[in-house]
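> Take a look at the following structure, please.
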Amino acid sequence: MRLLPVWLVRQLAPCLAPLRWLTDRGWLREADVDWWLQRLHPLLSLRRVYALVETRHWVARDMLALTLRCNGNARGWRSGQHVPLYLERQGVRLSRSYSLVAVQRDGRIELGIRRAAGGRVSPELLDRLTCGDRLELGQADGELQWPGESSAVLLLAAGSGITPLLGLLRAALAAGYAAPVTLLHYVRQPGQQAYGRELQQLTQQYPNLQVRLALTAGPAASGELVGRFSGGQVAALAAEDLLACGPHGYVEQVRIWWQSVPGRHPLQAEAFTPAPGADGEQVASVQLGFARAHQQVIGNTRDNLLEQAEARGLRPPHGCRQGICASCSCVLLAGRVRDRRSGLVSQEPGQTIRLCVSVPLGNVTLDL
Ligand code: FES
């Protein structure tokens, strides 16, 4: 039942502050308040972000663009960030992170959702979700930003890494960014180029934008590059700023190449897959302490701490499982862990780590 229009639902968010104050002090239960609010409109909630599916359209053979209208708890989001999306299936709460391709002032957002082979969330969204359905989201996160200065920009995207970069590109061009911008998108085959038609239209509309396609497995047409990323492919594309998004191996290759480019600004990059464990890594047994669960168990130095906690029956909150969304952040109480993406070691008690990309280097105690 919807007794209120969506625009009013969004405006009401600040007016719910007194109810939040009462729930913070335990005088009201948040779940009870949300139940009553949702008699007025299914998007209303004290703190949770709910959204209605407004439109869905295919932007590649295997990618769907979803437009969602969010309630007023989605605030301060930017294109290029990513947001966890939750689904409940057979009593199990599933979560995946997707990039924000667009964020509008009226609460509309666009997500680009690629079908993941063997995935449990993407087939639900691509094949069963319909307009008018309600979804729950978490809060947006992510550091990618369009360069502040007016400089030549190179955007390197692999696969669905196009989605955050397109979000930033759209916003920059609409705001009048006039310096040269080159976007190079790596996909396996031509049908996998997401948002291809829109990118073509943008190049016609904005003369400072150049878009190239690179095919990593398939015959290339004229103007397209062939093969995986190499410094030689992009050496002629002069730029002071580089933003890159793709799987871990791709981002690492870009990072190494960029270090050799003179006059460069710091690289902005985001990988949507975690780094693999080092080959030949010795696997050792360690003791894992889960303080809140009062558990001491035997773990190993190979698997990430999220998997190891889940294997012992714990259910830590999580989202992307790729080190991006921060949903699995947890306080390290004792011991040393290594972040698989960066190789950085954390060992300060009280430090926050991301469970899904952290492996223990010895005995570890977590606030879990
Ligand atoms: S689950 Fe997203 S950062 Fe760990």
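Computed from the coordinates by the stated procedures, all read-outs in this text should not be read as laboratory data. A quick note: this is a predicted structure, and the numbers were derived from the prediction, not measured. Please note: Cβ atoms are built from the backbone with ideal geometry, for glycine as well, and neighbour counts cover all protein chains shown.
> Report the charge-dipole magnitude of the chain in Debye, nearest 20, computed about the Cα centre from +1 at each Lys and Arg Cβ and -1 at each Asp and Glu Cβ.
Once rounded to the nearest 20, the dipole reads 720 debye.
> List every residue whose amide H lies under 5 Å from the amide H of Asn300, counting only residues 5 or more places away in sequence or on a different chain, with H placed 1.01 Å from N in the peptide plane.
Result for Asn300 returns Val286.
> I would also like to ask the following. Sort Trp77, Trp35 by Cβ crowding within 10 Å, fewest neighbours at the top.
Listing Trp77, Trp35 from fewest to most nearby Cβ atoms yields Trp35, Trp77.
> Okay, which of region 1-16 sit inside 17 Å, backbone N to the point 7 Å along the Cα-Cβ direction of Arg75?
Taking a point 7 Å out along Cα→Cβ of Arg75, the residues of region 1-16 whose backbone N falls under 17 Å are 7-16.
> At a threshold of 8 angstrom on Cα-Cα distance, excluding pairs fewer than six apart, so keeping six or more, what relative contact order does region 103-202 reach in percent?
About 25 percent, as a whole number.
> Find out how many positive minus negative residues lie around Glu224, taking Lys and Arg as positive, Asp and Glu as negative, among other residues whose Cβ is under 13 Å from that of Glu224.
My count for the surroundings of Glu224 gives +2.
> Please get the size of the charge dipole for region 157-282, origin at its Cα centre, with Cβ charges of +1 on Lys and Arg and -1 on Asp and Glu, quoted in debye to the nearest 20.
300
> Ok, one more. If I model a spin label as a point 7 Å beyond the Cα along the Cα-Cβ vector, how far apart are those points for Trp58 and Arg93 in nm?
Placing both labels 7 Å along Cα→Cβ, they lie 3.4 nm apart.
> Quick check on the chain: helices-only [θ] at 222 nm, where DSSP H runs of length 4 and up contribute -39,500 (n - 2.57) each and the sum goes over total residues. Nearest 500, please.
Helices in the chain give a 222 nm mean residue ellipticity of -5500 deg cm²/dmol.
> Related question: If I build a Gaussian network model for the chain, linking alpha-carbon pairs within less than 10 angstrom, which residue out of Thr163, Thr203, Thr301 has the largest mean-square fluctuation?
Sorting by GNM fluctuation, first place goes to Thr203.
> Further, regarding this structure: Report, by chain and number, residues whose modeled amide H sits under 5 Å from the one on Asn363, excluding near sequence neighbours (fewer than 5 apart, same chain).
Gln287
> Work out from phi, with θ = phi - 60° and the Karplus expression 6.51 cos²θ - 1.76 cosθ + 1.60, the ³J(HN,Hα) of each residue of region 198-215, listed in order in whole Hz, and give x for Gly and Pro.
For region 198-215, the Karplus curve yields 4, 5, 5, 5, 5, 5, 6, 7, 10, x, 7, 9, 10, 10, 10, 10, 10, 9 Hz.
> What would the Debye formula give as log10 I(q)/I(0) at q = 0.09, 0.14 Å⁻¹ for the alpha-carbon point model of the chain, no solvent?
After summing over all Cα pairs, the log10 values are -0.59, -1.28.
> Right, another one. Quick query: amide H of Ala214 versus all other amide H atoms, modeled in the peptide plane; which residues come in under 5 Å with a sequence gap of 5 or more or a different chain?
The list, which skips near neighbours in sequence, is His185, Tyr186, Val187, Leu225.
> Right, another one. Would you work out which of Leu173, Ile162, Leu199 lies farthest towards the positive end of the dipole of region 126-227? Charges go on Cβ: Lys and Arg +1, Asp and Glu -1.
Leu199
> Here is a follow-up. Using the crude model of +1 on Lys and Arg Cβ and -1 on Asp and Glu Cβ, and no other charge, please compute the dipole size for region 48-189 relative to its Cα centre, in debye to 20.
Values: 18 positive and 12 negative charges, 62 e Å.
Here the size comes out at about 300 debye.
> Hey, another quick one. What does the charge count near Ser150 come to, summing +1 for each Lys or Arg and -1 for each Asp or Glu among other residues with Cβ under 13 Å from its Cβ?
-3
> Mind giving me the nanometre distance, one decimal, between the label points for Ala334 and Ala236, set 7 Å out from Cα along Cα→Cβ?
Placing both labels 7 Å along Cα→Cβ, they lie 6.1 nm apart.
> Can you tell which of Leu173, Leu184, Leu68 shows the greatest fluctuation in a Gaussian network model of the chain with Cα springs below 10 Å?
In this elastic network of the chain, the residue with the biggest mean-square fluctuation among Leu173, Leu184, Leu68 is Leu173.
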